[in-house]
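One structure is given here, and the rest of the page talks about it.
The values are calculated or read from the model by the stated rules, or taken from the named source; none is laboratory data. Since we're looking at a predicted model, the values are computed, not measured. Reconstructed Cβ throughout: ideal geometry from the backbone, glycine too, with neighbour counts over all protein chains shown. Protein only, heavy atoms only, side chains kept; ligands, DNA and RNA dropped before computing areas. Shrake-Rupley method; radii C 1.70, N 1.55, O 1.52, S 1.80 Å.
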Amino acid sequence: MTATSDPMQRAITLAKDAAARGEVPVGAVVFDPAAGEIVADGHNQPIADHDPTAHAEIKALRAAAAKIGNYRLNGLHLYVTLEPCAMCAGAISLARIEKLIFAADDPKGGAIFHGPKFFEQETCHWRPEVEQDETYAEEAGALLTDFFRARRKSKKR
């Protein structure tokens with residue numbers, strides 16, 4: 001485990017790393033609030049992994065589960081730079097994450113405050129506490145906007 005004073009800042013750094021690799025800039029950190037330490041982290045890498053499920057949240061949850069030896073991540077928090085999609089919301093629920101903290105909202109693909117509002121569904125058996133970290137929302141959103149703007153420009157050439 002790695003001690004840190006700001007898990008969302010680590011998630012932002014991971015998102016930047018993803019963008020530098022040509023992946024959509026999203027980073028995620030599984031954090032143990034009791035110990036004040038990062039358990040695991042990840043960034044988007046479906047292109048590199050040839051895996052459509054290799055979202056930042058999934059990568060971080062898998063690494064955390066492997067590290068602690070349990071698929072249930074009770075008491076842990078997940079910090080993500082972007083509102084999770086439905087697939088990731090399902091994984092967060094199954095992992096029993098205690099609290100989800102995300103930076104930028106995602107009106108098109110998000111599933112927490114937008115779209116299916118996964119945690120509000122009757123079929124969702126575990127609902128973490130959810131918080132949006134407004135402090136990093138603009139920075140995380142700008143990473144995504146800049147990434148897709150650059151991608152559109154390169155395709156026009």
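For the range 3-140, what relative contact order do you get, as a whole percent, if you take Cα pairs closer than 8 Å and at least 6 residues apart?
Rounded, it is 19 percent for the range 3-140.
Judged by the mean number of other Cβ atoms found within 10 Å, the most tightly packed of the peptides 34-46, 52-64 leads the ranking 52-64, 34-46. For the peptides 83-93, 125-135, the ranking by mean Cβ contacts within 10 Å, running from highest to lowest, is 83-93, 125-135. Considering only protein heavy atoms and a 1.4 Å probe, what is the carbon-and-sulfur percentage of the accessible area of the chain? Carbon and sulfur: 51 percent of the exposed surface of the chain. Protein heavy-atom accessible surface, 1.4 Å probe, per residue over the chain: 52 Å². Comparing the range 1-141 with the 2.2 N^0.38 Å rule of thumb, its C-alpha radius of gyration ratio is 0.94 (two decimals). In this rough spin-label picture, where each label sits 7 Å from Cα along the Cβ direction, the Ala150-His114 distance is 2.2 nm.
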